[in-house]
Amino acid sequence: MRARLLQEWSFTQIGGGEGTNDGEWLQTSEFPTSVHVELLKLKKIPDPFVGLHEWDVQWVGESDWAFKTAFTVTEEELHCSHADLVFDGLDTFAKVDLNGLTILESSNQFVSYRVAAKEFLKLGANELVLNFESAFLKGRDIEKKHGRFAAFNGDSSRLHVRKAQYNYGWDWGPVLMTIGPWKPISLEFYENRIVELDVRSDISESLEVKLTGGITISEKSSGVVSFVLKAPDGSVVASNTSIPAGRGHATVAFDFAAGQLDLWYPVGYGRQPLYTVEVELVAENGQVLDTKTLRIAFRRARVVQEKLIDQEGLTFLFEINNVRIFCGGSNWIPADSFLTTVTPERYRAWLQLMVDGNQNMVRVWGGGIYEPDAFYDICDELGLLVWQDFMFGCGQYPAYDSFLESVKVEAEENVKRLRHHPSIVIFAGNNEDYQVAELLELDLNYNDETAESADTDDKSRYLKTNFPARYIYERTLPDIVKKYSDIYYHRGSPYSGHGKPTTDRTLGDLHQWNVWHGSQEPWHNWDILAGRFVSEFGMEGYPNIRTVDYWLGGNKSERFPQSRMNNNHNKADGFERRLELYLVENFKHSFEMESYVYYTQVMQAETLASAYRLWRRNWRGKGREYTAGALVWQINDCWPVTSWAIVDYFLRPKPAYFAVARELRPFTVGMTRKEHKTFADERSAAKFAIETKLEIWGTNSTVADKKVTLEVTSFELHSDWRDKWAKEVVLVQNSSTELFKGDLPGQPVRTKLSDLPKVIIVSARLIADGEVLARYSNWPEPFKFIQFPSTEELGLKATVGADGESVILSTNKPVKGIVLDVDGDEVKWSDQAIDLVPDDPQTVRAVGLKGREVTLRYLGDGNA
């Protein structure tokens with residue numbers, strides 16, 4: 001096979017307009033590409049990521065555009081039996097003309113197109129033209145024809161368009177309707193080719209492996225297919241080099257005893273050995289006609305739903321190679337509003353941040369895209385488990401025939417493309433569409449959970465309702481996933497099953513938005529808001545002040561929290577009220593820009609750390625996996641914005657990133673304090689006693705018990721009083737372990753509400769072999785009631801190490817929420833949002849510090 005990429009392109013606005021003059025063709029700077037990217041490089045539009053310029057470029061997405069290229073074809077190439085044009089991705093409605101003849105009309109951003117083009121090619125010069133219609137305008141026309149349905153976020157016409165839904169705007173993203181050839185376009189010449197390679201492994205409970213391979217070729221051949229499996233070191237593990245190809249389909253199978261192959265594990269549980277499958281199609285004369293290579297791995301992956309001890313419902317947990325995994329991770333949205341700018345290196349930087357933050361699962365959210373191969377390859381390498389949604393999000397989707405047909409092609413292609421990745425452990429049918437159906441009281445009867453096989457009655461029954469997409473989620477997608485892969489299918493996220501709504505906390509997965517959205521609970525209530533697997537939850541926080549200054553574009557008059565520009569860079573409905581609700585309930589704060597950024601960041605850090613801390617406690621061993629995972633909304637941003645992300649668009653981690661990383665270490669220690677009020681007799685409201693109880697637990701995500709010393713020190717903030725004790729404990733493997741329950745040291749029993757509680761800070765550490773494995777300081781809340789010591793009393797010091805790339809923090813009194821920064825060039829910090837207590841100095845690595853002086857923010861620093 002000969003293949004070449006078509007890379008020299010020009011583009012124009014059809015009919016001329018704001019982008020180009022009529023008939024003017026502009027050279028693209030790169031390919032693949034999209035219109036906004038090219039116009040921005042040519043300085044024909046302002047940067048939509050700055051200020052209010054998002055709204056100055058809306059005409060781009062409502063215009064029609066064309067791209068064209070010229071290429072030559074040789075006589076030798078024309079002698080090949082086949083010549084195909086392959087379009088890996090067109091965004092979205094495109095008419096493709098080759099030498100003046102229409103050869104393709106595309107309508108789905110998520111699929112590739114292969115066109116037999118030999119009869120249209122000419123010897124010598126050829127011209128290929130792509131004519132793109134505005135997806136927004138086209139979508140409005142389709143909506144008018146097929147009806148308007150409900151959508152939460154974005155224009156409702158998006159529901160009819162198989163395009164990345166976030167392009168229409170979301171509660172964290174701008175309205176930027178991309179358009180253009182967003183993936184490579186190539187020309188292929190061949191006699192015969194490998195159409196499909198389906199490699200699967202069936203791994204028994206005793207970890208024996210059966211490997212099967214199915215190879216489909218484009219036409220029957222008198223030649224053979226060669227199948228070779230290579231180990232990570234390149235050595236041949238198994239092979240069959242003479243499989244007959246005469247039927248157009250070839251199969252191969254190998255059996256391996258337990259231990260013969262190295263198994264793939266999630267990060268933190270073992271290694272990630274990757275094997276290579278090499279397949280060749282060889283003609284009778286020995287000529288190699290085509291080759292395909294897949295990088296695979298071997299693991300036994302299960303979603304376990306079984307009865308629990310002492311609680312209602314079922315588990316919803318992931319088990320890899322017979323090891324049950326607590327999944328701590330993040331939700332993933334597209335990494336940019338302009339996807340063609342995201343390089344493999346940028347994907348790796350994002351995903352490496354997750355691993356460095358002790359996360360082991362990423363959920364690819366259903367309002368974006370099926371990510372490129374590089375994304376999943378990197379997840380395979382790093383050991384990140386992938387929860388993969390199908391691309392339906394927050395809507396009442398249609399299911400008319402042409403829409404269904406497009407969805408089938410999309411699902412089949414992407415399941416086939418992704419199925420070999422060991423990282424992918426679940427496909428979910430949609431994001432929150434069942435929640436939409438519940439909220440709108442659509443036709444949805446959860447008791448009607450019949451067999452997962454398609455039939456005519458099902459189709460007609462579902463399509464006659466006002467929730468027709470149920471046919472997609474419960475028939476079309478599960479059938480395709482089952483036919484083309486061995487990956488577990490889940491109808492939606494969230495989805496409970498068993499006749500229960502999506503809000504059920506005893507079954508399936510849960511999106512817990514009653515902190516921030518919904519009933520707007522205090523974050524201290526995460527323990528009573530738990531679910532079996534919390535696949536979404538979150539809290540907003542401003543990004544780094546440098547990111548804020550980027551979108552302000554130097555406009556100092558807008559540099560205050562309530563400014564129009566800052567409002568435009570927060571897309572969440574009611575964010576002003578909700579941010580301020582959580583701030584004012586918990587903190588004394590100011591509205592000066594740097595201070596506001598700091599306090600929202602500390603709030604986000606406290607909220608998310610609390611969730612992971614309390615939910616990991618619920619992972620109590622086999623049969624007691626009351627919460628089996630927590631995926632924060634969200635890891636990333638697609639543009640510079642204030643959102644729920646814990647790392648901003650420029651890959652600058654927020655303090656919350658580090659707080660989460662601490663709670664997902666292999667060993668952690670957690671505490672709660674709760675007041676218990678008892679009355680002297682049932683008639684009196686005036687006579688009572690308030691006792692403050694402390695509970696301490698530890699977690700161990702490794703697969704071996706761990707002996708450690710639990711060291712607990714209590715401090716009274718306004719005196720020199722201390723209490724200290726220690727004991728030897730064993731942290732049970734792959735579980736949480738309760739370590740202490742009793743009175744809060746130093747806190748007297750209160751008999752009047754005017755008896756103010758002492759400000760007692762409790763510091764707990766887990767120590768083994770002289771190393772601090774985990775630490776956590778529990779403070780009284782809300783923080784706004786605390787009278788913090790003066791700077792002089794505090795004695796907080798930040799000493800730059802002799803290497804110039806580290807900072808040693810020490811203090812005379814407990815300090816809450818330390819955030820480090822520096823003037824000038826940025827520093828890569830190893831920790832932030834730090835709680836510090838006396839006699840327990842902490843060292844923060846600071847790559848790029850170069851010996852410079854460090855500035856500190858903390859609660860009570862005098863800037864509130």
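Just so you know, all these numbers are worked out from the coordinates, no wet-lab data involved. Remember, predicted model here, so these are calculated numbers, not experimental data. Ideal geometry is used to build each Cβ from the backbone, glycine not excepted, and the neighbour counts take in all protein chains shown.
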Between segment 709-743 and segment 199-249, what's the alpha-carbon centroid distance in Å? 56
Kirkwood hydrodynamic radius of segment 1-90, Cα pairs, Å: 15.3
Cleavage-rule hits (GluC sites (Glu not before Pro)) in segment 276-340: DSSP loop, at most 13 neighbouring Cβ within 10 angstrom: GLU284, GLU306, GLU312
Would you list the P(r) distribution for the chain, with all Cα-Cα distances sorted into 20 Å bins from 0 and each bin expressed as a whole %? 14, 43, 33, 9, 1, 0
For segment 636-735, listing GluC sites (Glu not before Pro) in a DSSP loop whose Cβ sees at most 13 other Cβ atoms within 10 Å gives GLU682
Please go through the residue pairs LYS44/LYS828; LYS307/LYS464; LYS677/LYS741 and name each one whose alpha carbons sit more than 26 Å apart in this structure. LYS44/LYS828; LYS307/LYS464
Please give me the summed charge of the neighbours of LEU314: other residues whose Cβ is under 11 Å from its Cβ, Lys and Arg +1, Asp and Glu -1. -1
Compute the long axis of helix 373-382 from its Cα atoms, compare it with the longest principal axis of the Cα atoms of the chain, and write down the angle in degrees, 0 to 90, nearest 10. 40
How compact is segment 2-188 by the rule of thumb for globular proteins, expressed as Cα Rg over 2.2 N^0.38 Å? 1.09
Once normalised by the length of segment 193-296, the mean sequence separation of its alpha carbon contacts under 8 Å that are 6 or more apart gives a contact order in percent of 28
Those trypsin sites (Lys or Arg not before Pro) from segment 28-77 that are DSSP loop and have at most 11 other Cβ neighbours within 10 Å turn out to be LYS43
In degrees from 0 to 90, rounded to the nearest 10, what is the angle of the helix 344-356 Cα long axis to the longest principal axis of the chain? 30
How far is helix 135-146 tilted off the main Cα axis of the chain, in degrees rounded to 10, range 0 to 90? 80
Relative contact order (%) - segment 253-371, alpha-carbon pairs under 8 angstrom, separation at least six: 18
Segment 788-864, convex hull of Cα, quarter of hull surface, nm² -> 4.9
Please compute, for the alpha-carbon atoms of segment 667-774, the extent along each of the three principal axes and give them in descending order in Å. 53, 33, 16
What is the distance, in nm, between label points placed 7 Å from the Cα along the Cα-to-Cβ direction at LEU137 and at SER595? 5.1
With no solvent term and unit scatterers on the alpha-carbon positions of segment 166-211, Debye gives log₁₀ I(q)/I(0) at q = 0.18, 0.26 Å⁻¹ of -0.75, -1.04
Step through the table entries LYS138/LYS408; LYS693/LYS752; LYS500/LYS571, compare each Cα-Cα distance with 23 Å, and write down the pairs that go over it. LYS500/LYS571
Cα convex hull of segment 489-582, projected area averaged across orientations, nm²: 8.0
Report, ordered by chain and residue number, the lysines lying within cross-link reach of LYS588, taken as a straight Cα distance under 24 Å and ignoring same-chain residues fewer than 8 apart. LYS654, LYS674, LYS758, LYS784, LYS797, LYS813, LYS816
Treating cross-link reach as a plain straight distance, find the lysines whose alpha-carbon is under 25 Å from the alpha-carbon of LYS43, omitting any fewer than eight places away in the same chain. LYS68, LYS183, LYS556
Would you kindly calculate the translational diffusion coefficient of segment 193-296, applying Stokes-Einstein with the Kirkwood radius from alpha carbon pairs, for 4 °C and a viscosity of 1.567 mPa s, and quote it in µm² s⁻¹ without decimals? 89
For segment 667-774, averaging the sequence separation of alpha carbon pairs under 8 Å that lie six or more residues apart and dividing by its residue count, the contact order in percent is 32
Given the Cα-Cα distance of THR791 and GLU278 and 0.36 nm per residue of separation, how much length would full extension add, in nm? 178.1 nm
